[in-house]
Structure formats: structure tokens, C-alpha cells
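See below for the structure under consideration.
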Amino acid sequence: MSERIAVIGSNSFSGASFVRHCLAQGLEVVGASRSAEPARCFLPYRWLPAAQQQGFRFIQADLNHDLDALMRELDTFQPAWVVNFAAQGMVAQSWQQPGHWYQTNVVGNVLFHDRLRRAGWLKKYVHISTPEVYGSTAGNITEDAAFHPSTPYAASRAACDLHLQTFFAQYNFPVAWTRAANVYGPGQQLYRIIPRTILSIKLGQKLQLHGGGLSVRSFIHIDDVAAATLAVARQAPAGQCYHLSTARFVTIRALVEMICRMMNADFAQVAEVTADRPGKDAAYLLDSTKARASLGWTDTVSLEDGVRQTIDWAEQHIDEIRRQPFDYIHKP
């Protein structure tokens, strides 16, 4: 029997890319998301050969409303591992309706975890967290850094991480965490900085560069993140957290300038400097030594190669992409 894994939030960019990685490795996968599957251009697992896709089954289920139905499906499937990408995302928008963020990222997840801890089939639960929990930091930070969230989004994710720590301590709940640097690659949501820059150039639109693009980030290709996430599910001891990052850090402005050069565009014509977003962290530089040393993981895709892949994806799917909304649409 092939290995079985459940992916919660399988419609998300990271979730769908992780499903693709698992199917390519021969795993049997059940994916769950609150919405129906989006357009094919946003589902990397639908780019696989039909034979590999046969190992996947999709369930439409919302943690906030369909928990009983989701648990019935999981009890039937009995995956050894559950990997949870499901979260109310977006930093800036979390200021507008913070209750929605706490409902999903804390309450919905807590109720899900309380059901999972009773599942006799579960060997490992991998919770996809975020470096936003640390707030703005100086220097490279390790997994034991203190939490200093600066937005409702970050605070809601930190609260869920703390809740999981209590479940590990009280019930020995088999949780492990990952926190990745800025993830990117083919199939990413159009409002994220790399696809948005590419589309701004292709469609002749202005790109708003918040605060002049001075924030420092590490960008890591989704294929490297997917490989690390599966390694955490298979190998990591319960109670451990792992940073996933490259050793290369760039400003948002430098990234946009790189994309402009690759696409023969004039940065001055593409970018428009605007005010910064409230609470945005100036930098979080993750130390990924632990994942490299204990999991045998390393990043393999350079920023240049990954950006070129993403440009190629946008060009190959441009007709379908044009029909999709470019901006984030909030769903409570």
C-alpha cells in the first residue's frame, strides 16, 4: 500500500504545489479546501500526467463549517500524515476584519486539532506556520526566537502555534512546524510580488512598490519548500520546528529590478513608489541550519532560475490568467 497523506488547504499555492510533489513521489493524497478547485493554471498537481493524478482525491470542506464531514473523510482515508496549509492569509487586510483571521487561524484550527489528537491513525501533523510570528527582526533568527507579532494576521498565527505547544505538552500531540521564507514559483497567486511584477510588465500596468521596496526578504522556490515539508512529515520528531530559507537576501526593489531586466522592461516605467503598509516587518532573516543538518535538506533552485520558471508559467498560461482576478478577494 502506498503512503497516505492528507493536505488541508490544497487549493492554496503552497498546498497545491505540495500535492504535486507528493503525487510525483508516489504517495496517495487527499486534499481539502473550503472552495472548489480554482483554474488549472493555479493547480500545479493538475499539470502532472493523468496517471499520477489518479492518486489524488479532492474534498471541498471548510474548517469553520464542515469539520464533521472532513473528519469522516479523514477517518475513512486514515492518512499517516496530515499537513495543514489552511489559514486566513494576507497581512494588510487582516487589519480590516481581524475577527475573520482569528476565527479561522485560531478557533477553526483549534477545533480541528482537538479532533485530530483523538485519531489513532495519525503519525505526524505538520502545521505550516509563518515567520510573521517573529515580527521585524535583526540578524538571522533561529527557531527558538521570541514571538513579537505586529499585525492581526501574525498574532492569530502565533496564537495557534502556542495552542499547539500546549497540545504537544499535554497530549504528546505529534505536531511539527515549518516556517518558510517568502515562497514563490509557477502557479502562485497573482497578487504576490513576483507574479504581479511579471503581469504588470506584460500588461503595461503600474506596480505599486510599498515603501519603495526597501524590505529585505529571502525568496525560496516552492519545489524546495515542498521537499522539505515532506521530509518533516516523514522524519521530524514531534515538537520540533524548522525554518526553510535560502542564504540569499534581497530587497523587494532589487527583486523587481531583476524581473525587469529579465523581461527587458524599464524599472522606472513599471514601478510606482507608494506608502508602506501598517505593521509590515522590515525584515525577517531565517536561519535554516536545523533543517539542513537534521533532515538532510538543501535548497536547489536559484532565485534567477525560479523567477525564469515563473515568467515561463505566466507566458504559457497568459490567456487563462487574463481571465482571473488579479487582486486578493477576501472570503470570510
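The values are calculated or read from the model by the stated rules, or taken from the named source; none is laboratory data. The model shown is predicted, which means the values in this text are computed figures rather than measured ones. In this analysis, Cβ positions are derived from the backbone assuming ideal geometry, glycine residues included, and neighbour counts consider all displayed protein chains. The area values use the complete protein model at the heavy-atom level, side chains included, leaving out ligands, DNA and RNA. Shrake-Rupley method; radii C 1.70, N 1.55, O 1.52, S 1.80 Å.
Annotations
- With only Cα atoms counted, segment 121-182 has Rg and Dmax values of 12.4, 42 Å.
- Built amide H within the under 5 Å cut-off of LEU209, gap 5+: GLU272, VAL273, THR274
- Using the 1.4 Å probe convention, the accessible area of segment 107-229 works out to 36 Å² per residue with neighbouring protein chains retained.
- With every protein chain in place, the chain: carbon and sulfur % of accessible area (1.4 Å): 49
- Segment 148-219 - percent relative contact order, Cα under 8 Å, separation 6 or more: 24
- Distance between the 7 Å Cα→Cβ label points at ARG323 and GLU3: 3.7 nm.
- For the chain, Kirkwood radius (reciprocal of mean inverse C-alpha pair distance, Å): 20.3
- Segment 209-332 - Rg over Rh from alpha carbon coordinates, Kirkwood radius: 1.01
- When each of the peptides 149-160, 293-304 is scored by the mean number of other C-beta atoms lying within 10 Å of its residues, the order from highest to lowest reads 149-160, 293-304.
- FRET efficiency estimate (nearest 0.05) - Cβ-Cβ, THR289 to ALA254, R0 22 angstrom: 0.35
- Mean silhouette area of segment 81-227, derived from the convex hull of its C-alpha atoms and averaged over all directions, reads 10.3 nm².
- Taking only alpha carbon atoms, segment 1-125 gives an Rg to Rh ratio of 0.98, where Rh is the Kirkwood radius.
- Dipole-positive endmost among ILE128, ILE311, VAL7 within the chain (Cβ charges, Cα centre): VAL7
- Distance between the pseudo-spin-label points of ARG261 and THR166 (7 Å out from Cα toward the beta carbon): 5.0 nm.
- When only Cα pairs below 8 angstrom with a gap of at least 6 residues are kept, segment 1-83 shows a relative contact order of 37 percent.
- Centroid-to-centroid separation of segment 210-245 and segment 1-50 [C-alpha atoms, Å]: 18
- According to the Cα-based calculation, Rg over Rh for segment 62-158 is 1.03, with Rh computed by the Kirkwood formula.
- Rounded accessible area of MET262 (nearest 10 Å², 1.4 Å probe): 60
- Using C-alpha pairs under 8 Å with a sequence gap of at least 6, the mean separation divided by the residue count of the chain gives a relative contact order of 19 percent.
- Whole-Hz couplings from phi, Karplus 6.51/-1.76/1.60, listed for segment 139-147; x for Gly and Pro: x, 5, 10, 9, 5, 9, 5, 6, 7
- Rounded to the nearest Hz, the phi-derived 3J(HN,Hα) couplings of segment 227-244 under the Karplus curve 6.51 cos²θ - 1.76 cosθ + 1.60 (θ = phi - 60°) are 4, 5, 5, 5, 4, 4, 4, 7, 10, 6, x, 4, x, 9, 10, 9, 7, 10, where x marks glycine and proline.
- Taking amide H as placed 1.01 Å from N in the peptide plane, GLY31 has its amide H under 5 Å from the amide H of VAL7, ARG57, PHE58, ILE59, each at least 5 places away in sequence or on another chain.
- Angle in degrees between helix 193-203 and the longest Cα principal axis of the chain, rounded to the nearest 10: 40
- Length gained on full extension, GLN235 to ASP68, computed as 0.36 nm times the residue gap minus the Cα-Cα distance: 57.2 nm.
- With a threshold of 32 Å on the Cα-Cα distance, the entries LYS206/LYS331; LYS123/LYS290; LYS202/LYS331; LYS124/LYS331 are all at or under it.
- Relative packing of 235-243, 171-179, which averages over residues the other C-beta atoms within 10 Å, highest first: 171-179, 235-243
- Stretch gain in nm, segment ARG57-LEU214, where the contour uses 0.36 nm per residue and the Cα spacing is subtracted: 52.3 nm
- Probe 1.4 Å - accessible area at VAL216, Å² to nearest ten: 40
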